[in-house]
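Asks: Okay, handing you the structure first.
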Amino acid sequence: MGQITLQNVQKAFGPVHIIKGANLEIADGSFVVFVGPSGCGKTTLLRLIAGLEDVTDGKIFIDGKNVVAVPPAKRGLSMVFQSYALYPHMSVRGNIGFGLKMAGLPRAEISRRVEAAAATLNLTPYLDRKPRELSGGQRQRVAIGRAIVREPKAFLFDEPLSNLDAALRVQMRIEVTRLQKQLGTTAIYVTHDQVEAMTMADKIVVLNAGRVEQYGTPLELYERPANLFVAGFIGSPKMNFISGENAAKYGAATVGVRPEHLRISREGEGWPGTITVAEHLGSDTFLYVDAGPIGTLTARYVGELSLAAGDRVVLSPEPARIHRFDKDGNSLWT
Amino acid sequence: MARMPTRRRIALSTIAAWLVGFLIFFPILWMVLASFKTELEAFAIPPSFLFFDWTLENYVTVQGRSDYLHHAFNSVVVAGGSTLIALLIAIPAAWSMAFSPTKRTKDVLLWMLSTKMMPAVGVLVPIYLIYRDFGLLDSLTGLVIILCLGNLPIVVWMLFTYFKEIPRDILEAARMDGATIGRELIYVLTPMAVPGLASTLLLNLILAWNEAFWTLNLSTLQAAPLTVFIASYSSPEGLFWAKLSAASTLAIAPILVLGWFSQRQLVRGLTFGAVK
Ligand SMILES: Nc1ncnc2c1ncn2[C@@H]1O[C@H](COP(=O)(O)OP(=O)(O)OP(=O)(O)O)[C@@H](O)[C@H]1O
Ligand SMILES: [Mg+2]
């Protein structure tokens with residue numbers, strides 16, 4: 001079991017309010033990702049759940065029990081740190097088994113479970129090495145091993161993959177997702193990589209300046225962003241925003257269209273402009289178009305489109321894919 | 001252009017390093033050699049290096065004239081006692097400053113160091129008077145107190161820098177792993193802090209062993225450690241190089257042996273943090 005509920009959780013460091021009232025329901029067994037720009041409070045929120053920081057106000061429930069006064073050691077959660085935080089003086093075996101030793105399990109049981117975890121993570125050959133004798137990826141796996149072996153109520157991950165190179169990151173991303181599904185343990189995962197967020201999450205929490213901007217499935221955030229911030233943050237390349245009279249035509253203060261929802265043609269109805277940069281990736285073509293008074297628009301075409309800088313094009317939004325926002329930036333849903 | 005470590009360059013720097021090492025060591029070697037010479041040979045010019053009549057006569061005279069063991073015992077008590085007490089006070093102090101610093105922590109550290117910036121002789125008279133009135137002159141207690149207080153700022157600084165290097169994350173990981181404060185201390189903190197503690201202990205032992213200003217001024221015979229024993233041979237009746245050398249050799253021998261066996265630990269301690 002690992003159901004986590006946050007009720008109006010707040011955190012201030014001195015006079016500075018970092019978390020300004022977070023409400024969340026995290027279902028047992030789900031994979032929830034916290035995303036947001038740097039400094040928005042993702043790590044702080046995770047540490048509040050872990051108990052490594054005390055809440056200034058609000059309640060945190062784990063399986064129905066308010067844990068704000070419970071020390072981290074007693075919350076039954078495990079955490080994977082960005083820095084791995086392995087015990088430098090212990091072997092891999094000692095690192096993975098430390099939590100079990102603290103729980104007072106018999107030696108044979110510890111050894112059995114450590115070896116099982118090591119086997120899952122391909123760490124068996126390294127069990128007797130010290131952390132400094134491992135590569136970054138191996139250290140990362142030890143940190144994950146240490147988290148899974150205790151069979152906690154939930155895993156907390158703080159940007160665990162950010163120190164790995166791109167290829168290893170993709171591989172570990174898949175590995176972590178697979179492991180979490182297989183174990184069925186609740187996971188909260190902090191990242192600022194939105195590809196990680198979109199691919200790994202059952203549900204995403206978008207944080208901005210200490211507030212939860214939206215909480216939903218990856219596709220909900222993509223298709224129905226609650227406001228300008230979420231619309232701009234989720235999706236790559238970024239959504240195009242148009243304001244002024246061109247937006248007023250749609251009855252909104254601002255309208256947004258994703259690059260992949262702009263039809264590209266040589267002529268016809270729409271927003272005419274000149275290509276300033278054309279990027280050909282083979283699988284995709286990205287066009288950056290100067291559309292005069294409307295501003296610069298980004299358009300994406302799946303496949304190869306033989307256009308070059310200087311060519312004139314007309315971009316027309318797919319009518320059903322236009323997002324409308326009011327003057328406060330909130331979505332006007334129809 | 002990248003500087004390639006050619007064989008020639010390695011040979012040159014090896015020779016240079018040995019040369020510097022020898023230069024630094026030479027005075028000590030000379031002292032040891034002089035302690036085996038007769039008084040006449042000891043200041044003969046030109047000096048003889050190895051080819052003289054080796055004699056133990058100085059050691060015999062020194063042992064006959066003063067009680068080496070008495071002073072050595074005092075040195076052990078004063079150096080060991082002051083270092084241990086300093087550690088006992090400094091560990092919790094450095095600990096709290098490293099792990100739960102406040103806005104004033106840096107100021108406190110600097111203030112402690114500032115007490116080392118004044119020459120000790122500046123407070124000699126007040127300290128002497130205080131010691132006289134409290135009956136601490138020429139007592140082991142008095143020496144332990146003054147050396148402990150004198151070295152305390154350095155001990156706190158050293159420990160503070162070691163503790164600072166212990167990543168907080170690791171302590172938090174232990175907490176997440178279900179370790180209580182006590183077990184976190186035993187299984188995680190202590191093993192990581194031991195190298196730092198050991199080198200602080202060693203360095204302070206050496207500093208306290210060699211401390212001469214306070215020991216010379218505050219003790220005469222009863223509590224006098226080896227520094228006083230050496231000084232008694234540079235007397236106004238004339239210099240006796242060979243006997244002075246013998247006394248000095250005897251005085252530094254224990255600490256030299258300790259230093260030799262702990263050199264790894266010492267070097268690690270002194271360069272800690274500089275090389276990652
Ligand atoms: N112990 C602290 N004392 C004071 N301010 C803090 C403390 N910890 C974090 N903050 C502040 O809280 C804010 C949020 O920090 P946090 O580490 O949660 O951000 P984050 O979303 O994890 O960012 P990143 O993506 O860069 O890791 C930052 O402005 C930071 O300066
Ligand atoms: Mg962070």
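Every read-out reported here was derived from the displayed coordinates using simple, explicitly stated rules and does not represent laboratory data. Note that the coordinates shown come from a computational prediction; the quantities given were computed from them, not determined experimentally. For neighbour counting, all protein chains shown are included, and Cβ atoms are generated from backbone atoms with ideal geometry for every residue, glycine included.
Asks: Neighbour counts of other C-beta atoms within 10 Å: give me A:T254, A:T274 arranged from fewest to most.
Replies: By the 10 Å Cβ count, ascending, the order reads A:T274, A:T254.
Asks: Give me the aspartates and glutamates in straight-line cross-link reach of A:K249: C-alpha distance below 16 Å, same-chain residues under 8 apart excluded.
Replies: Leaving aside aspartates and glutamates fewer than 8 places away in the same chain, those within reach of A:K249 are A:E269, A:E318, A:D326.
Asks: Rounded, prolate or oblate: pick one for segment A:173-288, where a ≥ b ≥ c are the square roots of the eigenvalues of its C-alpha gyration tensor, a/c under 1.5 means rounded, and failing that, prolate if a/b is larger than b/c, else oblate.
Replies: Taking the square roots of the gyration eigenvalues as a ≥ b ≥ c, segment A:173-288 is oblate.
Asks: Also, quick follow-up: Fewest Cβ neighbours within 10 Å first, please rank B:W157, B:W209, B:W30 accordingly.
Replies: The order, fewest Cβ neighbours first, is B:W30, B:W157, B:W209.
Asks: Next question. Across segment B:33-191, how large is the tail of the calculated P(r) beyond 18 Å, expressed as a percent of all Cα pairs?
Replies: Pairs farther apart than 18 Å: 74 percent.
Asks: Can you tell me the relative contact order of segment B:66-270? Whole percent, Cα pairs under 8 Å, sequence separation 6 or more.
Replies: Computed value for segment B:66-270: 33 percent relative contact order.
Asks: Working out 0.36 nm times the residue gap between B:T180 and B:S96, then minus their Cα-Cα distance, what length gain in nm do you get to one decimal?
Replies: Numbers: separation 84, 0.36 × 84 = 30.24 nm, distance 1.78 nm.
Using 0.36 nm per residue and subtracting the Cα-Cα distance, I get 28.5 nm.
Asks: Mind putting together the pair-distance distribution for the protein assembly as shown? All Cα pairs, 10 Å bins, whole percent per bin, short to long.
Replies: So the P(r) values, bin by bin, are 3, 12, 16, 16, 14, 13, 10, 7, 5, 3, 1, 0.
Asks: Among all the lysines, which ones have a C-alpha under 24 Å from A:K181's C-alpha, if same-chain residues fewer than 8 places away are not counted?
Replies: Answer for A:K181, where 24 Å is the Cα cut-off: A:K42, A:K153, A:K203, listed by chain and number.
Asks: Summing Lys, Arg as +1 and Asp, Glu as -1, what charge do residues with Cβ under 15 Å from the Cβ of B:A44 carry, B:A44 excluded?
Replies: Here the count lands on -2.
Asks: Another one. Spelling out what I want: for every residue of segment A:159-164, take phi, set θ = phi - 60°, compute 6.51 cos²θ - 1.76 cosθ + 1.60 (Karplus), and round to whole Hz; glycine and proline get x.
Replies: 6, x, 9, 6, 8, 9
Asks: What residues qualify as long-range amide H neighbours of A:D284, i.e. H under 5 Å apart, gap of 5 or more or another chain, H built at 1.01 Å from N?
Replies: Those qualifying (amide H under 5 Å, at least 5 residues apart or on another chain) are A:G303.
Asks: Can you sort B:I24, B:I252 from fewest to most other Cβ atoms within 10 Å of each residue's own Cβ?
Replies: Working: B:I24 9, B:I252 18.
Ascending Cβ contact count within 10 Å gives the list B:I24, B:I252.
Asks: Next question, about the same structure. Please turn the phi angles of segment A:32-47 into ³J(HN,Hα) values with the Karplus equation 6.51 cos²θ - 1.76 cosθ + 1.60 (θ = phi - 60°), one per residue in order, whole Hz, x for glycine and proline.
Replies: 10, 10, 9, 10, x, x, 4, x, 7, x, 4, 4, 4, 5, 5, 5
Asks: Could you identify which residue out of B:V32, B:V155, B:V188 has the top mean-square fluctuation in a GNM of chain B using Cα springs shorter than 10 Å?
Replies: B:V188
Asks: Moving to a separate point now. Say we join alpha carbon atoms closer than 10 Å with springs in a Gaussian network model of chain B; which of B:P167, B:P119, B:P46 then has the biggest fluctuation?
Replies: Residue with maximal mean-square fluctuation among B:P167, B:P119, B:P46: B:P46.
Asks: Another question, then. What ³J(HN,Hα) values, in whole Hz, does the Karplus curve 6.51 cos²θ - 1.76 cosθ + 1.60 give for segment B:128-139 when θ = phi - 60°, with x put for Gly and Pro?
Replies: Those phi angles translate into 4, 5, 4, 4, 5, 5, 8, x, 9, 4, 6, 10 Hz.
Asks: Can I ask one more? Counting Lys and Arg as +1 and Asp and Glu as -1, what is the net charge of the other residues whose Cβ lies under 15 Å from the Cβ of A:T274?
Replies: Neighbour charge sum, excluding A:T274 itself: -1.
Asks: How many percent of all Cα-Cα pairs in chain B sit more than 37 Å apart?
Replies: 31 percent
Asks: Quick one: among A:V142, A:V277, A:V16, which has the greatest mean-square fluctuation in a GNM of chain A with alpha-carbon springs under 10 angstrom?
Replies: Highest fluctuation of the listed residues: A:V16.
Asks: Another question, then. Let me have the relative contact order for chain A, percent, based on Cα pairs under 8 Å that are six or more residues apart.
Replies: 17 percent
Asks: Related question: Once every Cα of segment A:238-332 carries one equal point scatterer and solvent is ignored, give the base-10 log of I(q)/I(0) from the Debye formula at q = 0.19 Å⁻¹, two decimals.
Replies: -0.84
Asks: Further question on the same structure: B:T190 to A:V70: FRET efficiency via 1/(1 + (r/R0)^6), r the Cβ-Cβ distance, R0 30 Å, to the nearest 0.05?
Replies: 0.70
Asks: Express in % the proportion of alpha carbon pairs of chain A at distances exceeding 38 Å.
Replies: The answer is 29 percent, as a whole percent.
Asks: Also: Show the residues, 5+ positions off or on another chain, whose built amide H is closer than 5 Å to the amide H of A:M79.
Replies: Residues meeting the criterion, in which the H sits 1.01 Å from N, are A:L156.
Asks: If you restrict to DSSP beta bridges whose two residues both lie in chain A, what percentage is antiparallel, to the nearest 5?
Replies: Working: 50 of 67 bridges.
Taking every DSSP beta bridge with both residues in chain A, the antiparallel ones total about 75 percent.
Asks: Right, something else. What relative contact order, as a whole-number percentage, does segment B:1-130 give when Cα pairs under 8 Å and 6 or more residues apart are counted?
Replies: Once divided by the residue count of segment B:1-130, the mean separation gives 13 percent.
Asks: Here is a further query. Give me the percent of DSSP beta bridges within segment A:128-222 that run antiparallel, rounded to the nearest 5.
Replies: 50 percent
Asks: Output the antiparallel fraction of DSSP beta bridges having both residues in the protein assembly as shown, as a percent to the nearest 5.
Replies: The antiparallel proportion sits near 75 percent.
Asks: Starting from the 7 Å offset along Cα-to-Cβ, what nm value, one decimal, do you get for the label separation of A:A320 and B:F43?
Replies: Inter-label distance under the simple model: 10.9 nm.
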